[in-house]
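Report on the structure given below.
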Amino acid sequence: MTAIKKTLDKDKANFLTQIRTINQTLDKQKTNLLEQITMTKQSLETRISEAMNHIRQELLLAIEATKCDSGWKAFDGSCYYIVNAMKNWMEAQTACKTMNSDLVIITSEKEQNFLENITDDAYFWIGLKRDKDDRNMWRWVDGTIYIISERFWYEDEPNNEDGIEDCVHLWKEKKWNDVFCTDLYKAICEIKGH
């Protein structure tokens, strides 16, 4: 009977060891699964949040775009129109005026980048011109003074070649350049606060 008892005790001990090993393995698997679930949940929450932000941005752009007439592009509360016909600066401003707009007034890097994205490789008039009374001063079409900075100008511009480069256009790499107002380029019109 003792031999049977010893065998049973040994089998019982082996069985308990196996149960503890199985429990430890199950606990590790449970911990790993919980970590995977947590990571998957966080990843899904991040993706959902990113998707929601993207949808929100698309909706805002769609709402903003509906504020502009057909053919116009919306950005940051304004509407922009590309005049593809080649015109001198004055003709370009007149063309914009007939559409109740002006040549574009660029007030931020964000707006400059937007214009780079909606224009092709051609050159485009913008609403900046040398002041007729003070040749060292620049004015936007709305009369506001532009303080010269290198921010958007092409390298070594404005250079006032021949002393009569009085108008500004988007030039190489969509940087600004002063040119003769009689040159013929496309134009960008803008309606503010639309």
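Numbers below:
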{"read-out": "Odd one out for Tyr80 among (1) in a loop (DSSP other than H, G, I, E, B); (2) farther than 16 Å from Val179 by Cβ", "value": "(1)"}
{"read-out": "Residue count, segment 178-194 (criterion: at pLDDT below 90 and on the phi < 0 side of the Ramachandran plot)", "value": "2"}
{"read-out": "Filter result for Ala122 (touching a strand residue (DSSP E or B) at 6+ places or on another chain (Cβ under 7 Å), small (Gly, Ala, Ser) and over 17 Å from Ile191 (Cα atoms))", "value": "yes"}
{"read-out": "Count - residues of segment 139-159 that are over 10 Å from Asp178 (Cβ atoms) and of a type in the set (S, T, N, Q)", "value": "2"}
{"read-out": "Residue in segment 88-99 that is of a type in the set (Phe, Trp, Tyr) and free of Cβ contacts under 8 Å to residues at least 40 places away in the same chain present", "value": "no"}
{"read-out": "Evaluation of Leu103 against (1) touching a helix residue (DSSP H, G or I) at 6+ places or on another chain (Cβ under 7 Å); (2) surrounded by fewer than 18 Cβ atoms within 10 Å (Cβ to Cβ) (one fails), failing number", "value": "(2)"}
{"read-out": "Within segment 135-157, tally of residues that are at pLDDT 85 or above and assigned to a loop (DSSP other than H, G, I, E, B)", "value": "7"}
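Yes/no per residue for (1) in contact with a strand residue (DSSP E or B) (Cβ under 7 Å, 6 or more places away or on another chain); (2) assigned by TED's automatic domain parsing to the domain that holds Tyr123:
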{"site": "Phe15", "(1), (2)": "no, no"}
{"site": "Thr21", "(1), (2)": "no, no"}
{"site": "Gln24", "(1), (2)": "no, no"}
{"site": "Ile37", "(1), (2)": "no, no"}
{"site": "Ile48", "(1), (2)": "no, no"}
{"site": "Leu60", "(1), (2)": "no, no"}
{"site": "Tyr80", "(1), (2)": "yes, yes"}
{"site": "Gln93", "(1), (2)": "yes, yes"}
{"site": "Thr98", "(1), (2)": "no, yes"}
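The values are calculated or read from the model by the stated rules, or taken from the named source; none is laboratory data. Note that the structure is a prediction, hence the values are computed from the model and not measured. Reconstructed Cβ throughout: ideal geometry from the backbone, glycine too, with neighbour counts over all protein chains shown.
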